[in-house]
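Structure record follows, encoded as structure tokens.
The values are calculated or read from the model by the stated rules, or taken from the named source; none is laboratory data. Here the structure is a predicted model, which is why all the values come from computation and not from measurement. Glycine also receives a Cβ, built like all others from the backbone with ideal geometry; neighbour counts cover every protein chain displayed. Note: accessible area is taken over every heavy atom of the protein model, side chains too, but ligands, DNA and RNA are not part of it. Shrake-Rupley method; radii C 1.70, N 1.55, O 1.52, S 1.80 Å.
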Amino acid sequence: MQSKRNKAAQSPLSMVKVISQESDREQQEKQILRRAEAMVNPFDLKTALLAKHAQHVVLIHFPIGLFLAAVAFDLIALCSKRRGLADAAYYNLLAAAISTFPVLATGLLAWHFQLEGQKLKGTLLLHLVLACVSSVLIWLVWWVHFRARRRTDFLPSYRFAVEFLAVGIVALTGHLGGFLSGVNLPG
């Protein structure tokens, strides 16, 4: 008799537990469906161009890649004494410097639209500050090369210190941007 009473007393609780488990399962299924809806065809041009942050994510590769290639060309040109590599470094620096403008503009637009203009603090603020510093350093390195070319002078040796500092700042900025975009996630 007592066991029947215990079962009767437990049944409302167990029913609540079962209902709770079913609602958790339904919520998980809804989340999976939302994720599937959020996934888009990567070849859908309209979606790719009109995404709230896609332009910044695409454009950022240009100044990073061009600048890193320019520093590599500059180092190789110094070791090999080849003028062609020094020219390649200069033109890569020029392209990297010019490409910082649309990258900064699309970054601000991504902050405004994708992140809904949330308050600048933490990683977002640090990313913005380092992005501005990176851009200034890229322009500074280009200017040093430009000045030396215009005067047909030798490039100053201190440029490597500035170039390596800029490489570090650019890498850190990109790393933080990966966290903001969701590409770099902990764990």
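Yes/no matrix, rows are residues, columns are (1) assigned to a helix (DSSP H, G or I); (2) out of contact with any Asp or Glu (no Cβ under 7 Å at 6 or more places or on another chain); (3) open to solvent by 70 Å² or more (accessible area, probe 1.4 Å); (4) not basic (Lys, Arg):
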{"residue": "120", "(1), (2), (3), (4)": "no, yes, no, yes"}
{"residue": "124", "(1), (2), (3), (4)": "yes, yes, no, yes"}
{"residue": "130", "(1), (2), (3), (4)": "yes, yes, no, yes"}
{"residue": "133", "(1), (2), (3), (4)": "yes, yes, no, yes"}
{"residue": "153", "(1), (2), (3), (4)": "no, yes, yes, yes"}
Exercise. Can you pull out the residues in the range 95-109 that are surrounded by fewer than 21 Cβ atoms within 10 Å (Cβ to Cβ) and of a type in the set (Gly, Ala, Ser)?
Worked result: 95, 105
Problem set entry | the range 60-94, subset open to solvent by less than 40 Å² (accessible area, probe 1.4 Å) and touching a Leu at 6+ places or on another chain (Cβ under 6 Å), residue modelled with the lowest pLDDT | 77
Seminar exercise, completed: Residues of the range 165-182 being free of Cβ contacts under 8 Å to residues at least 24 places away in the same chain and part of a helix (DSSP H, G or I), in sequence order, are 168, 171, 175, 178
